[in-house]
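First up is the structure itself, then whatever we jot down about it.
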Amino acid sequence: MRGELDFTASLRQRVATLKGADANILRQVRDELPLMPGLTQLVLKLQSLGWKVAIASGGFTFFADYLREKLHLTTVVANELEIMDGKLTGQVLGDIVDAQYKANTLSRLAEKYEIPVAQTVAIGDGANDLPMIKVAGLGIAYHAKPKVNEKTEVTIRHADLMGVFCILSGSLNQK
């Protein structure tokens with residue numbers, strides 16, 4: 001996430017260590033993980049204003065799909081863990097959601113929903129978010145790694161995710 005390792009190789013290496021693990025561990029992890037502070041409120045507020053909200057994650061579909069259902073997200077993309085006979089195989093299925101995939105996802109969704117790219121927002125914290133942040137009309141570093149903070153115009157270091165709405169509100173008032 002700091003941009004020091006090849007994301008795809010690192011992901012495959014980390015996933016390989018899960019080979020043979022019971023797939024039920026994913027549910028246990030999901031149930032223990034807290035949502036980012038302010039996430040639910042931000043998504044609900046943006047949706048009430050007609051915004052499309054999506055997640056492009058270098059994490060896993062098991063968790064992203066859960067968020068899509070819980071928060072009624074427009075789209076989620078993430079890496080899919082292969083599971084056979086209730087066990088993780090240590091493999092990732094399909095395309096790896098890396099930095100370029102995230103940027104392409106933002107562009108594709110903007111085109112699909114006929115949203116000018118200049119009116120898109122991307123929020124990220126790691127180096128693998130930088131291409132997506134650069135494509136977006138507004139890129140926001142959120143509690144990000146130093147490399148991301150250095151390369152974005154807007155940084156949130158202390159507020160929860162509702163800080164994004166404060167930034168958007170200020171931006172809207174200036175237009």
Item to check | Acute angle (nearest 10 degrees) that the helix 7-16 long axis makes with the longest principal axis of the chain, alpha-carbon atoms | outcome: 40 degrees
Checklist entry - Binned at 10 Å from 0, what are the whole-percent values of the Cα-Cα distance distribution for the stretch 81-175, short to long? => result 16, 37, 29, 14, 4, 0
Next on the checklist: Ranking request for peptides 91-104, 15-28, 41-54: highest mean number of other beta-carbon atoms within 10 Å first, then the rest in descending order.
Outcome noted: 91-104, 41-54, 15-28
Item to check | Rounded tilt (10° steps) of 99-112 against the dominant C-alpha axis of the chain | outcome: 60 degrees
Checklist entry - Antiparallel DSSP bridges in the chain: what percent, to the nearest 5? => result 30 percent
Checklist outcome for this item: With a 28 Å threshold on alpha-carbon distance, the violating pairs from Lys70/Lys102; Lys19/Lys147; Lys112/Lys147; Lys45/Lys87; Lys19/Lys151 are Lys19/Lys147; Lys112/Lys147; Lys45/Lys87; Lys19/Lys151
Next on the checklist: Can you tell me the length gained on complete extension of the stretch Glu82 to Ala16, counting 0.36 nm per residue apart and subtracting the Cα distance?
Outcome noted: 22.7 nm
Item to check | Rounded tilt (10° steps) of 162-173 against the dominant C-alpha axis of the chain | outcome: 30 degrees
Item to check | Positive-end residue, the chain charge dipole about Cα centroid, Cβ charges, pick of Gln13, Asn104, Thr120 | outcome: Thr120
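What FRET efficiency comes out for Glu150 versus Met36 if R0 is 25 angstrom and r is the Cβ-Cβ distance? Round to the nearest 0.05.
Values: r = 22 Å, r/R0 = 0.88.
Efficiency, rounded to the nearest 0.05: 0.70.
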Item to check | Likely footprinting exposure, His143, His72, fewest C-beta neighbours within 10 Å first | outcome: His72, His143
Next on the checklist: From the Cα trace of the stretch 1-64, what convex hull volume per residue do you get, rounded to a whole Å³?
Outcome noted: 125 Å³
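A short reminder: the numbers here are calculations on the coordinates, not readings from a lab. Small disclaimer: the values here were computed from a predicted structure and weren't measured. Note: ideal-geometry Cβ built from the backbone for every residue, glycine included; neighbour counts use all protein chains shown.
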